[in-house]
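Here the structure comes first, spelled out in structure tokens, and everything after it is commentary.
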Amino acid sequence: MKEYGGKELRKKGKKELDKISALPMKQRLQYIWDYYWLWIIGIGFFLIFGIWFVWRSTTAIRENWIGIVFPNAMTEVGNGSQLWEEYLEHTGYDIKEKNVLFEDKLYFDPTTASGMNNSYYQAFVAMIETGQADAVTMRREEIEALGKSGRLIDLSSEPCRELYVKYRDRLVYSIPYDTEYSTDPVPIGIDVSDSILMTKYHIYENSCVFSIGSYTRNLEACTEFLDWILEGKSGSVAQKILEAETETEAG
């Protein structure tokens, strides 16, 4: 029975092929489209998808040299910006091998519950928790609020010990919601209000704090970025800058 079915299919296929071949070219094309359009579209789709999948698998960048998010930035500091270009030139990173991600299109206020009730905050959480974003900059009061969630690395932990010592006069603290982790303030950021992010690029007014995500895969790259934006500064922030930050928070 199986063999008979195969013979019948081959006979039917040959008959159909002969029928199509006997038609003039225009009618032949119209006939093929009228009766086989679904097959044509399906095969075309799979061919295109297959080519795209192979290309994507062989050329897609799967990792970052570093990923930094700049929520609520007042100036352009994302991919393709002057900051991004300058940092690529400084590091010599080859973006054909890995990506350098600077994201400046996120807007949310972590100091209030309603301020975090938007898609921008959810995108930020996803980027931090998947390790796509290694670090974040925000205004001081925003980082202090954000640090309560536990999504920013404890700078007093062993992996960050050198950072903790080097920038001990710039540390920003936050008391976590998780009281089992700590009931005391935890260092979760480094004040960079006198860095080029502020003096040259003016991404915020008055205050700026750099924090590293708890799930970072590129701690060393974060350290290098921090050193670069501070241009070698490691002492305390100037008093007049701290006073400006305090005035902003009080307001």
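Every read-out reported here was derived from the displayed coordinates using simple, explicitly stated rules and does not represent laboratory data. All figures in this text were calculated on a predicted structure; none of them were measured in a lab. As a convention, Cβ positions derive from the backbone with ideal geometry for all residues, glycine included, and neighbour counts pool all protein chains shown.
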Review point. For segment 196-239 and segment 71-108, what is the separation of their C-alpha centers, rounded to whole Å?
Key: 14
Study note, to complete from the structure: So the FRET efficiency between THR183 and HIS90, C-beta based with R0 = 41 Å and rounded to 0.05, is 0.50
Study note, to complete from the structure: Filtered hits (aspartates and glutamates, Cα-Cα < 19 Å from LYS166, offset >= 8 within chain) -> ASP154, GLU158, ASP191, ASP194, GLU220, GLU224, ASP227, GLU231
Exercise for review: Along Cα→Cβ, 7 Å out, is where each label goes; now give me the distance between the ones at LYS166 and SER234 in nm to one decimal.
Suggested key: 0.7
Point to revise | Projected label distance in nm at ILE43 and GLU63, using a 7 Å step from Cα toward the beta-carbon | key: 4.2
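From the P(r) of segment 131-251, could you give the percentage of C-alpha pairs in the tail past 26 Å? Walk me through the intermediate numbers first.
Values: 991 of 7260 pairs.
In whole percent, the share of Cα-Cα pairs in segment 131-251 beyond 26 Å is 14.
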Exercise for review: Could you line up TYR87, TYR164 from fewest to most neighbouring Cβ atoms inside 10 Å?
Suggested key: TYR164, TYR87
Practice item. Rank these for me by crowding, LEU47, LEU163, going from fewest to most other beta carbons within 10 Å. Key: LEU47, LEU163
Revision key, fill the gap. Given all pairs of distinct Cα atoms, segment 70-187 yields a Kirkwood Rh in Å of 15.9
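Which of ARG217, ARG140, ARG161 comes first, and how do the rest follow, when ranked by fewest Cβ neighbours within 10 Å?
Numbers: ARG217 15, ARG140 21, ARG161 11.
Ranking ARG217, ARG140, ARG161 by Cβ neighbours within 10 Å, fewest first, gives ARG161, ARG217, ARG140.
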